[in-house]
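Below you'll find the structure, written out as structure tokens, and then a few comments.
The values are calculated or read from the model by the stated rules, or taken from the named source; none is laboratory data. Note that this is a predicted model, so its numbers are computed, not measured. Every residue, glycine as well, gets a Cβ built from its backbone with ideal geometry; the counts of neighbours run over all protein chains shown.
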Amino acid sequence: MQVSVENTSALERRMTIAVPAERVETEVNKRLQQTARRAKVPGFRPGKVPMSVIRQRYEDAARQEAFGDLVQASFYEAVVEQKLNPAGAPAVEPKSFEKGKDLEYVAIFEVFPEFTVAGFDSIAVERLSAEVADADLDNMLEVLRKQNVRFEAADRAAQNEDQLNIDFVGKVDGEVFAGGSAKGTQLVLGSGRMIPGFEEGLVGAKAGEERVLNLTFPEDYQNLDLAGKTAEFTVTVNSVAEPKLPELTEEFFAQFGIKEATLEGFRTEVRKNMERELRQAIKTKVKNQVMDGLLAANPIEVPKALLENEVNRLRVQAVQQFGGNIKPEQLPAELFEEQAKRRVVLGLIVAEVVKQNELKPDEDRVREMIQEMASAYQEPEQVVAWYYKNDQQLNEVRSVVLEEQVVDTVLQKATVTDKSVSYEEAVKPAQAPAAAE
């Protein structure tokens, strides 16, 4: 087999392959013989059809089938021989496929970039430390109470945080517009659900009262037909209900599956969850800084095939998350290209760090991570056993641990500054990571 390779760009390769005619004819004859054993031809018993008849009827199909198999097999042999690492399936251009002649074709494909990860010592990381103070715990208990708030009818004027039941009709230029009317809608004042001025305009209203609100849609409103336009809303308040926070009782604790249904037991369990969240938040922020640093220090070209595959994965995830009747391919690729490029580049860099440092998942850390996740459940032993019985889930945890080991490897050479902060600051979401250049 003859192979020649041309570098058409940094990552693209144009490989010309010639498969000897003898190998082609051997593959064609093999398929014709297989066909002869099962072919049904009028006038002949199965398995007794002359090869000349088989060849006349089925040779074209056999040759096409052989072409596909030979291209697949010879391409694999060629990239192994040339020590190439394709980043996707090749585009195949046939050059010659005539009977009695060599099979020749051109395969155009991209290869994975070859690079060495460097620049660990140029990465600066701020590592936060914090504790869950009693005041943080008290605040969290209030958050949990508010998440379980009940509303009771109130015979008074509406205030912020009250829940109103309303009917409303919206008009633009005197005409009712689509989606601008509703009956029996529950609205908590101050929730920010409605356009600016709507909820504020209902403060002080009583049950049975009608109010007319003249408002303007924001310039960046999602419905472009309404953006920046003035609208008149006629709102009828059907009822006013005030919030009632639940008391910290056994009944309230039971909603969270707490075994020790006491205030002390509840506080202990909530503190554990907050500490778990704190550890994860700090770990995530350190990881993001490390990954940003690796991106900045290691600019690499991305194979288009990998980028397209990642864009398609993100499209599918978006449809699964938000639903609707839209198909993944209908979503513009541009929406996902920045995120896809970051993920692909980081995947390549992390894989290279693993290779350069000969890292393997630390099984002790794998078990610790599974136990940490399982501790949030009522029967943690069952959760741990489930992970170790499911290879796919277990391998996902191993991948996360391996990524953490990559972070640890970088931190050994990076400039790390420790900073003590409050719990709130530590768990506050970090800014969106920078895009790969």
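Data for the structure
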| item | result |
| --- | --- |
| One residue from Glu131, Glu152, Glu126 being closer than 30 Å to Gln412 by Cα, part of a strand (DSSP E or B), in contact (Cβ under 8 Å) with a residue 40 or more places away in the chain and not β-branched (Val, Ile, Thr) | Glu126 |
| Residue in the range 60-68 that is surrounded by fewer than 16 Cβ atoms within 10 Å (Cβ to Cβ), more than 16 Å from Tyr105 (Cβ to Cβ) and not aliphatic (A, V, I, L, M) present | yes |
| Given (1) over 26 Å from Glu142 (Cα atoms); (2) surrounded by 13 or more Cβ atoms within 10 Å (Cβ to Cβ), index of the condition Leu245 fails | (1) |
| Inter-residue pairs, beta-carbon under 8 Å, first over 11 Å from Arg276 (Cβ atoms) and in the range 366-379, second basic (Lys, Arg) and outside any loop (DSSP other than H, G, I, E, B), 6+ apart | Val366/Arg398 |
| Those residues of the range 203-224 which are in contact (Cβ under 8 Å) with a residue 12 or more places away in the chain and out of contact with any strand residue (DSSP E or B) (no Cβ under 6 Å at 6 or more places or on another chain), in sequence order | Val203, Gly204, Lys206, Gly208, Phe217, Pro218, Tyr221, Asn223 |
| Condition check for Val92: in contact with a helix residue (DSSP H, G or I) (Cβ under 9 Å, 6 or more places away or on another chain) and either within 28 Å of Lys355 (Cβ to Cβ) or without any contact (Cβ under 8 Å) to a residue 40 or more places away in the chain (or both) | yes |
| The lone exception for Glu161 - which of (1) over 30 Å from Leu278 (Cα atoms); (2) of a type in the set (D, E, K, R); (3) part of a loop (DSSP other than H, G, I, E, B) it fails | (1) |
| Residue that is farthest from the chain's Cα centre (by Cα) [pool: residues in the range 61-87 that are among the polar types (S, T, N, Q) and within 17 Å of Pro20 (Cα to Cα)] | Gln64 |
| Residue, surrounded by the most Cβ atoms within 10 Å (Cβ to Cβ), within the range 363-386, restricted to residues that are touching a helix residue (DSSP H, G or I) at 6+ places or on another chain (Cβ under 6 Å) and more than 23 Å from Phe256 (Cβ to Cβ) | Val366 |
| Residue under evaluation Glu175, criteria (1) without any contact (Cβ under 8 Å) to a residue 40 or more places away in the chain; (2) assigned by TED's automatic domain parsing to the domain that holds Glu275, criterion not met | (2) |
| Test: residue in the range 269-284 that is surrounded by 14 or more Cβ atoms within 10 Å (Cβ to Cβ) and touching a Gly at 6+ places or on another chain (Cβ under 6 Å) | no |
| The range 415-437 - residue that is acidic (Asp, Glu) and at pLDDT 65 or above and, of those, farthest from Asp121 (Cα to Cα) | Glu424 |
| Residues of the range 209-242 classified as of a type in the set (Gly, Ala, Ser), surrounded by 15 or more Cβ atoms within 10 Å (Cβ to Cβ) and within 15 Å of Ile195 (Cα to Cα), total | 1 |
| Residues of the range 1-19 satisfying the condition of being within 18 Å of Lys101 (Cα to Cα), out of contact with any helix residue (DSSP H, G or I) (no Cβ under 6 Å at 6 or more places or on another chain) and modelled with pLDDT of 95 or more | Thr16, Ala18 |
| Matching option when the condition is among the hydrophobic types (A, V, I, L, M, F, W, C), without any contact (Cβ under 8 Å) to a residue 24 or more places away in the chain and not assigned by TED's automatic domain parsing to the domain that holds Ala297, among Val71, Val80, Val106 | Val80 |
